[in-house]
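*Asks:* A single structure is presented below for examination.
The values are calculated or read from the model by the stated rules, or taken from the named source; none is laboratory data. As the structure is a prediction and not an experimental result, all values here were calculated from the model. As a convention, Cβ positions derive from the backbone with ideal geometry for all residues, glycine included, and neighbour counts pool all protein chains shown.
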């Protein structure tokens, strides 16, 4: 449908990242917060993230004819939830990572207790942001539409999505598992919030069921591709570019596509999911171009 334009993608991502950064500065609470939690929250949120989930929300909103300003609170809430998940994933009880984006992880700087609380705070604050209509420009939308957004995101963050996927990941190991198990882990742990991001962007502007279904298919395939790309980078990636250690999945005997199928088949799966994601956008016009080039970026990224 569209050609991949590296120049367009670079400019688009930089512009949208700047918009998200400014909005996060505005929406994060600053009053009546214990200083150590405040510091830990801001350390983690403003730690150089790519802001892919909020950008996907914004791109989906634009693809259905919406505007960025109205999408921003939802986009920022998604980033707060994503950041909470990273803080908790890095903990010694989970992945036990010392570095994230080239900097010490939250628990290495503030201690495990404050890191857990910082993650809890971000998850909770995301729903404060989504539910306070007077603060976040959602007051012009119907209660039904606002509830649909909150329900979509809360499901994706909970047992049916990220939490359930993380539990499966922790319990699976690498022995006796099959590809269906691995796909289910990826679908929940990584894919669910990506699906919620694009669907929420469409919900804001009351898109039709066909558009929402197409975006859901895009999100499912993109989420699966995103995690496979992460797994591949954990084997082949450049530590300096990634800002964290490589080889940790193998060291922990984690179930990944490279460990289960081998690198060649893992890369084939990645390409297939990206192609499926792009194909799902066939019914959209040129306003969906950012979603297409983001998909290509996921496959080709180096960090």
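*Asks:* Do we have any residue at all in segment 98-117 that's under 30 Å from residue 291 (Cβ atoms) and modelled with pLDDT of 95 or more?
*Replies:* No, every residue in segment 98-117 fails to be under 30 Å from residue 291 (Cβ atoms) and modelled with pLDDT of 95 or more.
*Asks:* Somewhere in segment 285-296, is a residue buried (at least 22 other Cβ atoms within 10 Å of the Cβ), under 16 Å from the mean Cα position of the chain (by Cα), in a helix (DSSP H, G or I) and free of Cβ contacts under 8 Å to residues at least 40 places away in the same chain?
*Replies:* no
*Asks:* Same structure again: Assigned to a helix (DSSP H, G or I), over 24 Å from residue 198 (Cβ atoms) and modelled with pLDDT of 90 or more: does that describe residue 121?
*Replies:* In short, yes.
*Asks:* Okay, next question. Tell me which residues, restricted to segment 204-220, are in a helix (DSSP H, G or I) and within 21 Å of residue 144 (Cα to Cα).
*Replies:* Passing the criteria: 204, 209, 210, 211, 212, 213, 215, 216.
*Asks:* List every residue pair whose Cβ atoms lie under 9 Å apart, where the two residues are 6 or more positions apart in sequence or sit on different chains, the first residue falls within segment 252-269 and is touching a residue at least 24 places away in the same chain (Cβ under 8 Å) and at positive phi, and the second residue, located anywhere, is in a loop (DSSP other than H, G, I, E, B) and surrounded by fewer than 18 Cβ atoms within 10 Å (Cβ to Cβ).
*Replies:* Hits for this filter: 253/173; 253/174; 253/175.
*Asks:* Taking the criterion of being assigned to a loop (DSSP other than H, G, I, E, B), closer than 20 Å to residue 178 by Cα and more than 21 Å from the chain's Cα centre (by Cα), would at least one residue in segment 232-240 satisfy it? Show your work before the answer.
*Replies:* Taking segment 232-240 as the starting set, the residues that turn out to be assigned to a loop (DSSP other than H, G, I, E, B) are 237-238.
Now restrict to residues that are closer than 20 Å to residue 178 by Cα: none.
There is no residue in segment 232-240 that is assigned to a loop (DSSP other than H, G, I, E, B), closer than 20 Å to residue 178 by Cα and more than 21 Å from the chain's Cα centre (by Cα).
*Asks:* Taking residue 246 and the conditions (1) in a loop (DSSP other than H, G, I, E, B); (2) over 18 Å from residue 189 (Cα atoms); (3) touching a residue at least 24 places away in the same chain (Cβ under 8 Å), which numbered condition does it fall short on, given that it satisfies the others?
*Replies:* (3)
*Asks:* Can you name the condition, by its number, that residue 266 falls short on among (1) within 15 Å of residue 219 (Cβ to Cβ); (2) in a helix (DSSP H, G or I)?
*Replies:* (1)
*Asks:* Looking at (1) out of contact with any helix residue (DSSP H, G or I) (no Cβ under 9 Å at 6 or more places or on another chain); (2) over 24 Å from residue 150 (Cα atoms); (3) assigned to a helix (DSSP H, G or I), which is the one condition that is false for residue 115?
*Replies:* Checking residue 115 against (1) out of contact with any helix residue (DSSP H, G or I) (no Cβ under 9 Å at 6 or more places or on another chain); (2) over 24 Å from residue 150 (Cα atoms); (3) assigned to a helix (DSSP H, G or I), the one that fails is (1).
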